[in-house]
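The values are calculated or read from the model by the stated rules, or taken from the named source; none is laboratory data. Source: prediction; values computed, not measured. With ideal geometry, Cβ positions are generated from the backbone for all residues, glycine too; neighbour counts draw on all protein chains shown.
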Amino acid sequence: AHTVTRTDDGIVSVGGVEVTTLAEEFGTPAYFLDESDFRARARAWRTAFGHDADVFYAGKAFLSRAVVRWLYEEGLNLDVCSGGELVTALSAGMPADRIAFHGNNKSAEEITAAVRAGVGRIVLDSFQEIVRVAHIAQSLGTRQRVQIRVTVGVEAHTHEFIATAHEDQKFGIALADGQAAEAVRRALTLDGLELVGIHSHIGSQIFDMAGFEVAARRVVALLAAVRDEHGVELPEIDLGGGLGIAYTSDDDPREPHEIAKALSEIVTRECEAAKLRTPRISVEPGRAIVGPTAFTLYEVGTIKPLEGLRTYVSVDGGMSDNIRTALYDAEYSVALVSRTSDAEPMLARVVGKHCESGDIVVKDAFLPSDLAPGDLIAVPATGAYCRSMASNYNHALRPPVVAVNDGEARVIVRRETEEDLLRLDVG
Ligand code: LLP
């Protein structure tokens, strides 16, 4: 669905607009997001799961009011994990009953705001939270629909910081030792709660379907145990997000319809075996929807060749607009997009302008050896967890997000200004 083309002069266009025009109009660094690609991916998830399932876009990947409106129009729901994401969703008109609220340490204020707004579900993450949400809902005179997040004990093969189904970590309630069964027991006795399902999220940037399948089987087994103990068939299961995307040509991601098919088959089969009604399935893709839809455009600055090693290519952004390389050892690709070049490729490391040597955007990549200050280079697949994890390190001004569609570009999150920075500094 991506609308990327290159002219004979080597100038790349996205959504019908040339990057040179984009750079002139919006400056660099900046994220450019292909709106029709975003909508197409959202729709692909929606249709893959059909009407018996719900797709909750994970707002943590990237959230803005324009994105909320696109999701609403494409029939998706939204997963939020903070008061800030909740207020963004509500202010853009997402109906509260299409919002799920996550988090391992939701504050009383956040829970109150979510219950007041009437969110479709709160995902309970701990024993303490079961009681906390129940009290707040009850004191507001309502019953809150909730799911319980369990850790199913599978090892997802991804970076340690983004794997979440093993037991030694902060999220969720373990299936092991009857913990999750005990959580269900407690939730069912509390008047403020309407327990509707079980939630599992095994991690992020995952390519292997096996982990999801094990998770699905274990969650269904818990539903069967709940039915046996309480005579209650919980109507929903959520299998989280986590589907990997291609950052470099080595990655081979699964398509939404493959995931949908695998998950529905396994849930249906396990439920039949356990003589359970098949619950409504939901999933929470973030990266797989927004990740591939945007790239970051940088202007090349200082170039430092190191004989026999590599050439350091400095750009006008860095770890403040993409922390993923420094934090997870993530791999990205990069391309010269403002002209052609026949020069020999050189081994380059694309680095930012921040005051530390770990400030790397692309660790190792080939760029033409005639690269020069003023050239524009693009790093693809930066739609997820780049703007949303951007920082003001070194008082950097966070870059804008510009949506490009049908030959038109418009800012959806504007660039920060020095006034924005100074406004917070009230000492
Ligand atoms: N659902 C839950 C409960 C989650 O915790 C997450 C991600 C998702 C859904 C969406 O996962 P996705 O489909 O986007 O992989 N900052 C890291 C990723 C952290 C993911 C946290 N939770 C990164 O840049 O790779």
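Table for the structure above
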{"read-out": "Matching residues in segment 94-117 - criterion: being in a helix (DSSP H, G or I) and either surrounded by fewer than 19 Cβ atoms within 10 Å (Cβ to Cβ) or not aliphatic (A, V, I, L, M) (or both)", "value": "Ala96, Asp97, Arg98, Ala108, Glu109, Glu110, Thr112, Ala113, Arg116, Ala117"}
{"read-out": "Every pair of residues 6+ apart whose Cβ atoms lie under 8 Å, when the first sits in segment 170-182 and is in the same structural domain as Leu124 (by TED's automatic domain parsing) while the second is part of a helix (DSSP H, G or I) and among the β-branched types (Val, Ile, Thr)", "value": "Ala181/Val226"}
{"read-out": "Segment 56-67, residues that are outside any loop (DSSP other than H, G, I, E, B) and either within 16 Å of the ligand (Cβ to nearest atom) or touching a Pro at 6+ places or on another chain (Cβ under 7 Å) (or both)", "value": "Phe56, Tyr57, Ala58, Val67"}
{"read-out": "Residue match in segment 5-28 (condition: free of Cβ contacts under 8 Å to residues at least 60 places away in the same chain, hydroxyl-bearing (Ser, Thr, Tyr) and within 16 Å of the ligand (Cβ to nearest atom))", "value": "no"}
{"read-out": "Unmet requirement for Asn105, which otherwise passes all of (1) in contact (Cβ under 8 Å) with a residue 40 or more places away in the chain; (2) closer than 22 Å to Gly242 by Cβ; (3) in the same structural domain as Ala174 (by TED's automatic domain parsing)", "value": "(1)"}
{"read-out": "Residue that is surrounded by the most Cβ atoms within 10 Å (Cβ to Cβ), among those in segment 233-257 that are within 15 Å of the ligand (Cβ to nearest atom) and of a type in the set (Asp, Glu)", "value": "Asp238"}
{"read-out": "Number of positions in segment 386-427 that are more than 22 Å from Ile323 (Cα to Cα) and of a type in the set (Asp, Glu)", "value": "4"}
{"read-out": "Of the criteria (1) among the aliphatic types (A, V, I, L, M); (2) under 30 Å from Asp208 (Cα atoms); (3) assigned to a loop (DSSP other than H, G, I, E, B), which one Ala180 fails", "value": "(3)"}
{"read-out": "Checklist (1) free of Cβ contacts under 8 Å to residues at least 24 places away in the same chain; (2) on the phi < 0 side of the Ramachandran plot; (3) not in a loop (DSSP other than H, G, I, E, B) applied to Leu195, failing item", "value": "(1)"}
{"read-out": "Single residue of Thr293, Thr248 found to be of a type in the set (S, T, N, Q) and modelled with pLDDT under 95", "value": "Thr248"}
{"read-out": "Among the candidates Gln144, Gln128, residue that is in the same structural domain as Asp191 (by TED's automatic domain parsing), without any contact (Cβ under 8 Å) to a residue 12 or more places away in the chain and under 23 Å from His201 (Cα atoms)", "value": "Gln128"}
{"read-out": "Hits in segment 69-93 (condition: buried (at least 24 other Cβ atoms within 10 Å of the Cβ) and either among the β-branched types (Val, Ile, Thr) or not assigned by TED's automatic domain parsing to the domain that holds Asp125 (or both))", "value": "Val80"}
{"read-out": "Matching residues in segment 187-245 - criterion: being modelled with pLDDT of 95 or more and aromatic (Phe, Trp, Tyr)", "value": "none"}
{"read-out": "Boolean, His135 is in a helix (DSSP H, G or I), modelled with pLDDT under 95 and either surrounded by fewer than 19 Cβ atoms within 10 Å (Cβ to Cβ) or among the polar types (S, T, N, Q) (or both)", "value": "no"}
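Results for (1) of a type in the set (S, T, N, Q); (2) more than 22 Å from the chain's Cα centre (by Cα); (3) more than 14 Å from the ligand (Cβ to nearest atom), shown as yes or no for each residue.
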position: Ala180; (1), (2), (3): no, yes, yes
position: Thr189; (1), (2), (3): yes, yes, yes
position: Gly192; (1), (2), (3): no, yes, yes
position: Asp208; (1), (2), (3): no, no, no
position: Phe212; (1), (2), (3): no, no, no
position: Arg217; (1), (2), (3): no, yes, yes
position: Leu223; (1), (2), (3): no, yes, yes
